[in-house]
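To start, the structure under review is shown below, and the notes come after it.
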Amino acid sequence: MTWSHRRWDADHLGLPDTEVELRTFGNGRFYGRFMLDPTPGTIPPLQARLVAVTLADQAGSALATAASDAGA
């Protein structure tokens, strides 16, 4: 992941001690963001991080589909 314009190794460092922004896109368009509030001193498992990214990706796809259906 990128944090403060540099690479952040979440596997070894966990998430930063501040809110983490997970942006949501669909068809190249920005739709919003999820704000993650990490617990200091913990390292979320890779599976949990992948689920968060997958859910954000699915939300972006759903919003893009809804937007294109509304415009049709």
Item to check | The listed residue being surrounded by fewer than 11 Cβ atoms within 10 Å (Cβ to Cβ) and in contact with a strand residue (DSSP E or B) (Cβ under 9 Å, 6 or more places away or on another chain), out of D9, D57, D37 | outcome: D37
Next on the checklist: Looking only at residues that are within 20 Å of E21 (Cβ to Cβ) and not hydroxyl-bearing (S, T, Y) in segment 60-72, which one is surrounded by the most Cβ atoms within 10 Å (Cβ to Cβ)?
Outcome noted: G60
Checklist outcome for this item: With criteria (1) surrounded by 15 or more Cβ atoms within 10 Å (Cβ to Cβ); (2) in a strand (DSSP E or B); (3) not β-branched (V, I, T), R49 comes up short on (2)
Item to check | Residue pairs meeting the criteria (Cβ under 6 Å; at least 6 apart or on separate chains; first outside any strand (DSSP E or B), in segment 16-35; second of a type in the set (V, I, T) and open to solvent by 100 Å² or more (accessible area, probe 1.4 Å)) | outcome: none
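Go through segment 1-23 residue by residue and tally those that are among the polar types (S, T, N, Q) and within 13 Å of G41 (Cβ to Cβ).
Step one: filter segment 1-23 for residues among the polar types (S, T, N, Q), giving 2, 4, 18.
Keeping just the survivors that are within 13 Å of G41 (Cβ to Cβ) gives none.
Residues meeting the conditions: 0.
Hey, can you tell me all the residues within segment 12-34 that are touching a strand residue (DSSP E or B) at 6+ places or on another chain (Cβ under 9 Å) and either open to solvent by 100 Å² or more (accessible area, probe 1.4 Å) or not aliphatic (A, V, I, L, M) (or both)? Can you show your working first?
The first filter runs over segment 12-34 and keeps only residues touching a strand residue (DSSP E or B) at 6+ places or on another chain (Cβ under 9 Å), leaving 15-16, 18-25, 30-34.
Selection gives P16, T18, E19, E21, R23, T24, F25, F30, Y31, G32, R33, F34.
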Item to check | Pairs where the first residue, in segment 39-57, is within 27 Å of N27 (Cβ to Cβ) and the second is open to solvent by less than 70 Å² (accessible area, probe 1.4 Å), C-beta under 6 Å, 6+ apart | outcome: A56/L22; A56/T24
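Being in contact (Cβ under 8 Å) with a residue 12 or more places away in the chain and not hydrophobic (A, V, I, L, M, F, W, C) is the filter here; which residues of segment 58-72 pass it? Before you say what the answer is, go through the steps one by one.
Start the filter on segment 58-72 by keeping residues that are in contact (Cβ under 8 Å) with a residue 12 or more places away in the chain, which leaves 59-65, 67-68.
Of everything in segment 58-72, those that are in contact (Cβ under 8 Å) with a residue 12 or more places away in the chain and not hydrophobic (A, V, I, L, M, F, W, C) turn out to be G60, S61, T65, S68.
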Next on the checklist: Against the condition loosely packed, with under 12 Cβ neighbours inside 10 Å, of a type in the set (V, I, T) and out of contact with any Gly (no Cβ under 7 Å at 6 or more places or on another chain), how does T2 come out, does it pass?
Outcome noted: yes
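The values are calculated or read from the model by the stated rules, or taken from the named source; none is laboratory data. All values derive from a computational prediction rather than experimental measurement. Virtual Cβ from ideal backbone geometry, glycine too; neighbours counted across all protein chains shown. The protein model used for the area step is the full one, side chains on, heavy atoms only, and it has no ligands, DNA or RNA in it. Shrake-Rupley method; radii C 1.70, N 1.55, O 1.52, S 1.80 Å.
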